[in-house]
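Chemist: Quick one: this structure, given as structure tokens, is what I'll be asking you about.
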Amino acid sequence: MREERFDVVVAGSGIAGLSAAVAAAQGGARVVVLERAPRDERGGQSRYTEAYLRMKSEAEVTDDFETHIAANGSGAIDPDLVMELARPPSDRAPYARALGIVDPDVLQTFSERAGPTIAWLKGFGIRFDFLPTQFLTKSQPRLLPVGGGLAVVEALAAEAERLGVAFRYETTARELDQDDEGRVTALVARDADGTVRFAGQVVLACGGFEGNGEMATRYIGPRAVHLRPICKGGYFNRGEGIRMALDIGATGAGEFGSFHAEPVDPRSGVSEPSVFIFPYGILVNKDGGRFVDEAPGTVDAHYERVTRRIFEQRDGIAWVVLDARHTRIPNYRLGIRTDQPPVVAESIPALARALELPEDRLAATVAEYNAACRPGAWRPLELDGLATEGLLPRKSNWALPIDEAPFHAYPIMSANVFTFGGLQVDAGARVVDGDGRPIPGLYAAGEIIGMYYGTYTGATSVLKGMVFGRIAGEDAARPRNS
Ligand SMILES: Cc1cc2nc3c(=O)[nH]c(=O)nc-3n(C[C@H](O)[C@H](O)[C@H](O)COP(=O)(O)OP(=O)(O)OC[C@H]3O[C@@H](n4cnc5c(N)ncnc54)[C@H](O)[C@@H]3O)c2cc1C
């Protein structure tokens, strides 16, 4: 087996891996980045994201940042164990450090280090601004890097190259080596010529398992057959990082049976062909019936829950049915990212025929919905409380009758933006074992850190990569840190 020696070995060249590589190189370490994709496709999911960041300024996260993550930070849990986590880390019972739930220290570090990490990234020429998003209504601000995730990937990769970081493309990390004391000493990888052992402290930044149908089925269940990654970058993330760490005793964290769901047009092959216009129409399934409140609140806060209900429908598909009014919403195109045209018809029965939905049932569904709409002021860019009456499920906002031709429809399925299951880390991005102790020489950063349960705290995943990537790189660059 070939062997190469470095101080720090990073798996993955997304935002997390590149943040780690640059931080470690700044700390004086000799660093290598292993990346399964060819150079032109480096950057994984990070390459494709617009990279919304849940921040109210370049210096501060939003007011709800910690409470939202904490409220969605575990499954069902014994309240005594939650109390245990309120104690200082050194006083906690060991089992409490390996519960796989969001550790308050990790969360505090995440929140505190976000602003300084943005300032650090600006040093590489990356600019941030509050740019328009695809959400026509929102409850929290989103800061964006100008040029999206790709701009961050390119700037960090250029900085890494300038600092002398070595890159090995088309090289797939497969397993961890440990010494007799349990310290991780190397990452073993495969390239076109065979097996290579990369010696050094290891940072796993190789994403989740959205690109691995077998793991998705094993953890999410058989319905995962109706899911697909939201962009081509997701197909590179096949879960090896999670598996190899679990194999040496790491603690899993995050809801393994879940994922971040986003509504997309199944007809499209572009990255993130989202359809966020559904609050202004009705959603119907293959039987032509409604099944969910399409507009329970602002779209940024509720689209994931609505999309999960679409995922539950027969064959994982639904259609949004709209009338001509939606085209009069200012900037309504922001909420429709698909490159595919709507299916358009002059009547609801004609629309049903075009969609191959049961004609009578769709007509009855629309008629029933229209009859439940009440007069009132329609204010499409704010919560207007214009709700249906006497209809189940109700529609809570923007409930105008669907009666003005032409009628439009888009098919919608749930994309798997990323999987929730991953690894537990401490506030230093060190991977924690089943007894709550850091595994020496092993770090994790980005999507591979398991943190989410239930509802995703939107616009925190890229930030997680940046913040914990940088922390991991800084710490791994310190000699013989454990
Ligand atoms: C279209 C889209 C929109 C999104 N929007 C947002 C948003 O607005 N805000 C937000 O916070 N999050 C968003 N997300 C999620 C976010 O982009 C990702 O969670 C984040 O970019 C992950 O960064 P990462 O570095 O951990 O992983 P990635 O960027 O996926 O990088 C992982 C890298 O590891 C490589 N790799 C995988 N396995 C191996 C292996 N075994 N060996 C070597 N290399 C390997 C992959 O090829 C990839 O380059 C979005 C995601 C997508 C796809």
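Throughout, read-outs are computed from the coordinates displayed, never taken from laboratory work. Quick caveat, the model's predicted, so the values are computed rather than measured. With ideal geometry, Cβ positions are generated from the backbone for all residues, glycine too; neighbour counts draw on all protein chains shown.
Chemist: Under a crude label model (7 Å from the Cα following the beta-carbon direction), how far is I77 from K56 in nanometres?
Modeler: Reported label-point gap for I77 and K56 is 2.5 nm.
Chemist: I've got another one for you. Find how many whole Å separate the alpha carbon centroid of segment 157-209 from the alpha carbon centroid of segment 269-285.
Modeler: 39
Chemist: If the chain were replaced by its equivalent ellipsoid, with semi-axes equal to the square roots of 5 times the Cα gyration tensor eigenvalues, what would those be, largest first, whole Å? Write out the running numbers ahead of the final one.
Modeler: Values: eigenvalues 364, 101, 86 Å².
Value: 43, 22, 21 Å, ordered largest first.
Chemist: Can I ask one more? Give me, ordered by chain and number, the residues 5 or more places off F167 or on other chains with an amide H under 5 Å from its own placed amide H.
Modeler: Answer set, sorted by chain and number: V33.
Chemist: In deg cm²/dmol and to the nearest 500, what is the mean residue ellipticity at 222 nm of the chain if only DSSP H runs of at least 4 residues count, each as -39500 (n - 2.57), divided by the residue total? Please report the intermediate quantities before stating the final value.
Modeler: Details: 11 runs with 129 residues, N = 482.
Using -39500 (n - 2.57) per qualifying helix, the result is -8500 deg cm²/dmol.
Chemist: As an exercise, find the ratio Rg/Rh for segment 115-222 from alpha-carbon atoms, using the Kirkwood inverse-distance average for Rh.
Modeler: Values: Rg = 19.1 Å, Rh = 17.9 Å.
Taking Rg over the Kirkwood Rh, I get 1.07.
Chemist: Then there's this: Of E294, E356, E447, E84, how do they rank once you tally other Cβ atoms within 10 Å and put the fewest first? All intermediate terms of the calculation are to be shown ahead of the outcome.
Modeler: Numbers: E294 25, E356 8, E447 35, E84 16.
Least crowded to most crowded, the residues run E356, E84, E294, E447.
Chemist: In which sequence would M83, M451 go, from the one with the fewest C-beta neighbours within 10 Å to the one with the most? Don't skip to the end; give the middle numbers.
Modeler: On the way: M83 10, M451 29.
The order, fewest Cβ neighbours first, is M83, M451.
Chemist: How about segment 122-162: which GluC sites (Glu not before Pro) there are in a DSSP loop, with at most 14 other Cβ atoms within 10 Å of their Cβ?
Modeler: none
Chemist: Could I ask something else about it? What distance in nm separates the two pseudo spin-label positions at F124 and D177, each 7 Å out from Cα along the beta-carbon direction?
Modeler: Going by the 7 Å Cα→Cβ label model, 2.9 nm.
Chemist: Cut-off is 10 Å between beta-carbons; in what order do R337, R183, R430, R5 appear when sorted fewest neighbours first? All intermediate terms of the calculation are to be shown ahead of the outcome.
Modeler: Values: R337 20, R183 15, R430 23, R5 12.
Taking fewest neighbouring Cβ atoms as first place, the list is R5, R183, R337, R430.
Chemist: From the cross-link list K232/K395; K232/K464; K138/K286; K56/K464; K286/K464, which pairs have alpha carbons spaced over 27 Å apart?
Modeler: Numbers: K232/K395 34 Å; K232/K464 21 Å; K138/K286 29 Å; K56/K464 16 Å; K286/K464 38 Å.
Checking Cα-Cα distances, K232/K395; K138/K286; K286/K464 exceed 27 Å.
Chemist: Enter the Cα centre distance for the pair segment 395-414 and segment 73-137, rounded to the nearest angstrom.
Modeler: Rounded to whole Å, the Cα centres lie 38 Å apart.
Chemist: Determine the principal axes of the Cα atoms in segment 184-282, then give the extent along each, sorted from largest to smallest and rounded to whole angstroms.
Modeler: Computed over segment 184-282, the largest-to-smallest principal extents equal 56, 30, 22 Å.
Chemist: Within 10 Å, Cβ to Cβ, of R5, how many net charges do the neighbouring residues add up to if Lys/Arg are +1 and Asp/Glu are -1?
Modeler: Numbers: positive: R30, R197; negative: E3, E4, D7.
For residues surrounding R5, the net value is -1.
Chemist: Could you tell me the ratio Rg/Rh of segment 264-415? Both radii from Cα atoms, Rh via Kirkwood. Each step should come with its number before you reach the end.
Modeler: Working: Rg = 14.0 Å, Rh = 15.2 Å.
Radius of gyration over Kirkwood radius for segment 264-415 works out to 0.92.
Chemist: Provide the descending list of Cα extents for segment 21-97 along its principal axes, expressed in whole angstroms.
Modeler: 50, 32, 26
Chemist: Next question. Mean Kyte-Doolittle of at least 1.0 and a Cα length of 15 Å or more along the axis: which whole DSSP H helices of the chain meet both?
Modeler: On the way: long enough: 15-26 (16 Å, 1.55); 104-122 (28 Å, -0.15); 148-162 (22 Å, 0.61); 299-312 (20 Å, -0.84); 359-372 (20 Å, -0.25); 461-477 (24 Å, 0.55).
Those that pass (Cα extent of 15 Å or more, hydropathy at least 1.0) are 15-26.
Chemist: If you don't mind, another one. Extension gain R223-E346, at 0.36 nm per residue separation less the Cα-Cα distance, in nm?
Modeler: Numbers: separation 123, 0.36 × 123 = 44.28 nm, distance 3.49 nm.
The R223-E346 span can extend by a further 40.8 nm.
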